[in-house]
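Worksheet: the structure to be examined is printed underneath.
The numbers here are math on the coordinates, done by the rules we state, and not lab data. Computed from a prediction, not measured in an experiment: that's the story for all the values here. Cβ atoms come from the backbone with ideal geometry, glycine included; neighbour counts cover every protein chain shown.
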Amino acid sequence: MKRQVALLLLMVALTCVAWASSLQKKAEKRLQNASEVLQEIMDTPDKRIPEEVMEGAKCIAVIPHEIRAGLVFGARHGKGVATCRTEKGWGAPAFFTITGGSWGAQIGLEGVDNVLMIMNQKGMDRLLSDKFQIGAEASATAGPVGRHASAGTDWKLDTEILSYARAKGAFVGVSLDGAWVRPDNEAMLAVYGPNASVRDVLLGNVPPPPLASTFLAAIRSAELRAKKES
């Protein structure tokens with residue numbers, strides 16, 4: 001009997017290890033995809049995220065290959081990563097999900113890359129919370145593109161989130177109103193263990209894991225390129 005219990009416990013332990021390893025690989029792949037999305041956007045100087053937006057952002061969130069499906073009722077689901085500025089630079093990334101729907105005349109299935117620039121403390125506080133709804137609790141608007149943000153735009157005025165959505169390589173107008181942003185608890189647990197909250201990670205209280213190095217390098221590179229090429 002004891003041998004059977006021990007064997008069962010071993011099987012459970014091995015299953016848990018395999019589960020955690022699988023989630024870590026998925027999290028690493030998500031970070032890699034997010035890095036590529038940001039690099040590709042910044043590779044188009046006249047259509048990229050402007051220098052002023054990069055410099056002013058408190059946090060950057062990337063949702064690679066978010067899926068939008070529609071047949072009169074549109075739905076979206078995506079998994080992303082976010083990092084915030086800390087005293088030591090861009091901090092460890094936190095993992096989150098975005099889900100929601102919107103009414104509209106739309107048919108088909110489309111993969112969309114989204115980059116969300118969190119522009120002020122109010123927007124950052126939303127990101128640090130357990131969950132929030134874009135539109136109802138956090139204002140979001142399409143961000144300006146190009147080497148510089150036009151002086152005539154009002155993107156600085158109380159805008160919490162600037163949204164950049166790209167489908168098939170081109171920027172598209174996608175409303176995020178109604179979408180819920182929540183922590184991806186499974187990915188957080190697999191990467192950081194049970195004691196690290198999204199808030200601790202984004203505030204810089206948790207060191208970046210090795211698998212985040214590519215993503216953070218892409219963030220720093222995007223910011224540097226925006227300054228040099230403007």
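Computed from backbone phi with θ = phi - 60° and the Karplus coefficients 6.51, -1.76 and 1.60, the 3J(HN,Hα) list for segment 204-216 is x, 7, 10, x, x, x, x, 5, 8, 4, 5, 5, 5 Hz; x is used for glycine and proline. A simple count of charges around Arg85, restricted to other residues whose Cβ falls under 13 Å of its Cβ and scoring Lys, Arg +1 and Asp, Glu -1, yields 0.
Counting other C-beta atoms within 10 Å, which of His77, His148 has the fewest, and how do the rest follow?
Numbers: His77 15, His148 12.
The most exposed by this proxy come first: His148, His77.
Remark: for residue pairs Lys122/Lys228; Lys26/Lys88; Lys26/Lys122; Lys58/Lys131; Lys47/Lys227, the C-alpha separation exceeds 22 Å in Lys122/Lys228; Lys26/Lys88; Lys26/Lys122.
As a rough footprinting exposure proxy, the listed residues Glu137, Glu52 were ranked by other beta carbons within 10 Å of their own, and the order from fewest upward is Glu137, Glu52.
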